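Remarks on the structure that follows.
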Amino acid sequence: MVETYKRTSNPMMNRPVVKPELVDWMRRSQTQLSGDITKVLTFAKENNIPVIPHETVTYFQMLISIMQPKRILEVGTAIGFSALMMAEAAPSAEIVTIDRNPEMIALAKENLEKYDSRHQIILKEGDAADVLSVLKRDEHKKYDIIFMDSAKSKYIEFLPNALDLLSNNGVILMDDIFQAGEILVPIMEIKRTQRALERGLRRLFDEVFDNPKYITSVLPLGDGLLMIKCR
Ligand SMILES: C[S@@+](CC[C@H](N)C(=O)[O-])C[C@H]1O[C@@H](n2cnc3c(N)ncnc32)[C@H](O)[C@@H]1O
């Protein structure tokens, strides 16, 4: 079982691993995005649409440069910011991205139409649970990077299909797994409305941590990025 800590007795809750001023420094000092993608980012910021933060962007750019992926699968397109960023970082890769929210899908389509100049990105509409099953059943393609940035409670449910869709040396990345530290709080002390999400994340940690099938690494980027690779 994943360890939990009492809210009051946990010093980490008051001392985040990465100090806000260091987060700010990472965001300001690392190479900034340029070109059309900044328009998508500005729109996201102005309309409070959550997209990956800059330190995660630079990490993906680095990872993609090292891995040279042929295919990337993303769960959680929103308006297409991270998909477009990955397309730019991997100009010859095919990127499949999934979203179920009609408003986001409409905005993503507009952005892909305007900015996916090499036609690398395929947007699949629908709930990821269904789309992942269809990809597995019908397409027989493997993905070198699978990035999950959607409903956090479902990561554990998406994992079996994601593993089936992963290439031999592929890696799965899951965003926002810290939940601002809530993952350390005993489940009954968490707001009722948040408990399903927290239970889902804890089931995921129980499955992947300390399991000889996987190598995992948690990176303190944004609200926590979990990497999973098969041994
Ligand atoms: C945080 S946003 C994605 C941001 C995007 N990855 C970026 O950085 O530009 C999360 C998106 O996941 C989508 N989503 C959540 N649960 C989903 C599910 N079960 N299936 C498909 N999409 C889902 C939401 O509609 C939302 O647009």
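Derivation of every value follows stated rules applied to the coordinates shown; laboratory data play no part. Just so you know, these numbers come straight off a predicted model, no measurement behind them. For neighbour counting, all protein chains shown are included, and Cβ atoms are generated from backbone atoms with ideal geometry for every residue, glycine included.
Evaluate region 108-208: find the radius of gyration of its Cα atoms, find its Kirkwood radius, and give the ratio Rg to Rh. Could the numbers behind the result be given before it?
On the way: Rg = 16.0 Å, Rh = 15.5 Å.
Value, to two decimals: 1.04.
Here the scattering of region 12-67 is modelled by Debye summation over its C-alpha atoms, one equal scatterer each and no solvent; at q = 0.20 Å⁻¹ the log10 of I(q)/I(0) is -0.90. Peptide packing for 84-93, 145-154 was compared via the average number of neighbouring C-beta atoms within 10 Å per residue; ordered from the highest value, the list is 145-154, 84-93.
Which order do peptides 206-214, 160-168 fall in by mean Cβ count within 10 Å, highest first? Please list the in-between numbers first.
Values: 206-214: 13.0, 160-168: 16.4.
Highest mean packing first, the order is 160-168, 206-214.
Placing a pseudo-label 7 Å from each Cα along the Cα-to-Cβ vector at ILE187 and ASN211 gives an inter-label distance of 1.7 nm. Legend: P(r) of region 37-166 from all alpha carbon pair distances, 10 Å bins from 0, whole percents, reading 13, 47, 36, 5.
Only DSSP H runs of four or more residues enter the estimate; each adds -39500 (n - 2.57), and after division by the residues of the chain the mean residue ellipticity at 222 nm equals -11500 deg cm²/dmol.
Residues ARG195, ARG137, ARG100, ranked from the fewest to the most other C-beta atoms within 10 Å, line up as ARG137, ARG195, ARG100. Taking 0.36 nm per residue of sequence separation and removing the Cα-Cα distance, the GLU21/ILE49 pair yields an extension gain of 7.8 nm.
A cut-off of 5 Å between modelled amide H atoms, ignoring neighbours fewer than 5 places along the same chain, links PHE147 with LEU73, GLU74, VAL75, LEU173. In order along region 60-67, the phi-based Karplus estimate (6.51 cos²θ - 1.76 cosθ + 1.60, θ = phi - 60°) of 3J(HN,Hα) comes to 4, 4, 5, 4, 5, 5, 6, 7 Hz; Gly and Pro are listed as x. Scalar couplings 3J(HN,Hα) for region 158-167, obtained by applying the Karplus form with A = 6.51, B = -1.76, C = 1.60 to θ = phi - 60°, are 6, 4, x, 5, 4, 5, 5, 8, 7, 6 Hz; x denotes Gly and Pro. Compactness of the chain was expressed as the Cα radius of gyration divided by 2.2 N^0.38 Å, which yields 1.01. Take the Cβ atoms of CYS230 and ARG203, set R0 to 25 Å, and the FRET efficiency comes out at 0.85. The alpha-carbon of LYS142 sits under 22 angstrom from the alpha-carbons of these lysines, leaving out residues fewer than 8 places away in its chain: LYS70, LYS124, LYS154, LYS213, LYS229.
Distance from the Cα centroid of region 202-222 to that of region 87-159 is 23 Å (rounded to whole angstrom).
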